[in-house]
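The values are calculated or read from the model by the stated rules, or taken from the named source; none is laboratory data. This one's a predicted model, so the numbers in the text were calculated from it and none came from an experiment. No Cβ is skipped: glycine too gets one built from the backbone with ideal geometry, and neighbour counts run over all protein chains shown. Accessible surface areas use protein heavy atoms only, side chains included; no ligands, DNA or RNA. Shrake-Rupley method; radii C 1.70, N 1.55, O 1.52, S 1.80 Å.
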Amino acid sequence: MSGDGVGAAIPSTMRAWRVCSPGPLAEQPLEFVDVPVPKPGPGEVLVRVSTCGVCRTDLHVTQGDLPVRRASVIPGHEIVGEVVAHGPAGSDSTTRFAVGDRVGIAWLGSTCGQCRFCRSGRENLCRASRYTGWDLDGGYAEYAVVAGAFAHRLPAGFDDAGVAPLLCAGIIGYRALRRAAVPPGGRLGIYGFGGSAHVTAQIAVAQGMEVHVLTRGEKARSLALDLGAVSAAGPRDRPPVPLDSAILFAPAGDIVPFALEALAPGGTLAVAGIHLSDVERLDYQRHLFHEKTLTSVESNTRRDGEELLALAARLNVHTHVTEYPFEDAPRALEYLARGDVEGAGVLRVR
Ligand SMILES: [Zn+2]
Ligand SMILES: [Zn+2]
């Protein structure tokens, strides 16, 4: 990456998108505003944003599907940029990164570090954790701050647009894949095929799993087949074989019974989203008996992030991105809401 920003003056204000009044996209919940450039606190670094991925959670925050945790928050939690300043000295974490380093900022912004979850390798379950683009301002902005301890080093083989979707879509998909407990060489069903699924499918195929994709949208199905899926059909179709495991990426609770019914005895369905519409009534015999497991995926640990980034580089994962100019954030969210993006959307901030 170029170091052209090193030593460049940091302006006092920046352009950013804020969620001023969460609600339907047609009512323009996002406003493009000039705001002060944030100041990094102790242990934090200031990052000049290059690209920011557009994730379904941004849509949930913008539309008000998720409760407001910070008024007028700047969304965006797949942030790629360059460290341009450190907060006040005195914290070890700032020394992880030098000015000029390329870093990634992901969804998990901070944890308490002290609770029983944090102390047992399960910081994703910490009740005091804070999230980028929900509790903390995110990357639909020219600058963002991050705790040095929570920023990620990024593999060199990816450019700034290509690596952005790995920071949430990739990491969450990786955790969902582990939660789905696919046996070696097993059959995995993937319901919904957007940013997260298209990365997860590549990892699953590379690891020898037999992948079946069930999703709406002809473009998504054809991408799935290109990436090595054995079959691609609609979300309510029955896959050609019983599945050992399945991941539901679509935020559609009405698909849960279909996915459970498609499982072989002993199978596991992992729901990957932070938000799901209501699950329809389950029939114990059809959907859960024969020792089927229904589980969810909550956020991720920093270790999940490190593992996924290393794995994506090693397995040569290729992210399919659609780039949008920074000014077009609302349009990028509209396309995502309509299911009209091939792969993952990314905002080009600079
Ligand atoms: Zn904790
Ligand atoms: Zn996300």
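Among 288, 349, 250, pick out the residue whose Cα is farthest towards the positive end of the charge dipole of the stretch 213-350, where Lys and Arg carry +1 and Asp and Glu carry -1 on C-beta, about the Cα centre.
Most positive-ward Cα: 349.
Rounding to the nearest 20 debye, state how big the charge dipole of the chain is about its Cα centre with +1 on each Lys and Arg Cβ and -1 on each Asp and Glu Cβ.
Once rounded to the nearest 20, the dipole reads 820 debye.
Set Lys and Arg Cβ to +1 and Asp and Glu Cβ to -1, take the dipole of the stretch 171-296 about its Cα centre, and tell me which of 263, 180, 202 lies farthest positive.
Among 263, 180, 202, the one farthest towards the positive end of the dipole of the stretch 171-296 is 202.
Would you mind classifying the stretch 16-109 by shape? Square roots of the alpha carbon gyration tensor eigenvalues, ordered a ≥ b ≥ c; an a/c under 1.5 is rounded, otherwise it is prolate if a/b is larger than b/c and oblate if not.
Since a/c reaches 1.5 and a/b is larger than b/c, the shape of the stretch 16-109 is classed as prolate.
In the stretch 126-164, which trypsin sites (Lys or Arg not before Pro) fall in coil by DSSP and have 13 or fewer other Cβ atoms within 10 Å?
Loop-located and lightly packed - 127.
Scaled to the compact-protein estimate 2.2 N^0.38 Å, what is the alpha-carbon radius of gyration of the stretch 44-198, rounded to two decimal places?
For the stretch 44-198, the normalised Cα radius of gyration is 1.08.
Run the dipole for the stretch 172-231 about the Cα centre, Lys and Arg Cβ at +1, Asp and Glu Cβ at -1, nothing else charged, and hand back the magnitude in debye, nearest 20.
Value, rounded to 20: 220 debye.
Treating only the Cβ atoms of Lys and Arg (+1) and Asp and Glu (-1) as charged, compute the dipole magnitude of the stretch 171-296 about its Cα centre; round to the nearest 20 debye.
Around 160 debye, computed over the stretch 171-296.
Arranged from highest to lowest average of other beta-carbon atoms within 10 Å per residue, in what order do the peptides 32-41, 112-121 appear?
Order by mean packing, descending: 32-41, 112-121.
What Kirkwood radius, in Å to one decimal, follows from the Cα pairs of the chain?
20.4 Å
Out of all DSSP beta bridges in the chain, what portion is antiparallel? Express it as a percent rounded to 5.
About 55 percent, rounded to the nearest 5.
If you scale each eigenvalue of the Cα gyration tensor by 5 and take the root, what three semi-axes come out for the stretch 171-296, rounded to whole angstrom and sorted largest first?
Rounded to whole Å, the semi-axes are 20, 16, 14.
When Lys and Arg each count +1 and Asp and Glu each count -1, what net charge do the other residues less than 11 Å away from residue 323, Cβ to Cβ, add up to?
Local charge sum for residue 323: -2.
Could you work out the relative contact order of the chain, using alpha carbon pairs under 8 angstrom and six or more residues apart, expressed as a whole percent?
It rounds to 18 percent for the chain.
List the residues, sorted by chain then number, that are 5 or more residues from residue 142 or on another chain and whose placed amide H is less than 5 Å from its amide H.
Amide H to amide H, under 5 Å and 5 or more residues apart or across chains, residue 142 pairs with 15.
Just name one of 156, 129, 81: the one whose Cα is farthest towards the positive end of the charge dipole of the chain (beta-carbon charges, Lys/Arg +1, Asp/Glu -1).
Of the listed residues, the answer is 129.
Given only helices, namely DSSP H runs of n ≥ 4 each adding -39500 (n - 2.57), what is the per-residue ellipticity at 222 nm of the chain, to the nearest 500 deg cm²/dmol?
-6000 deg cm²/dmol
Mind ranking 155-164, 194-203, 245-254 by how tightly packed they are, going by the mean number of other C-beta atoms within 10 angstrom, highest first?
194-203, 245-254, 155-164
With a 1.4 Å probe and all protein chains in place, put 60, 318 in order of accessible area, largest first.
So, going from the largest accessible area down, we get 318, 60.
In a shell of Cβ-Cβ distance under 12 Å around residue 102, excluding residue 102 itself, what net charge do Lys and Arg (+1) and Asp and Glu (-1) give?
-2
Checking the a/c ratio against 1.5 first, then a/b against b/c, what shape does the Cα gyration tensor give for the stretch 56-135?
oblate
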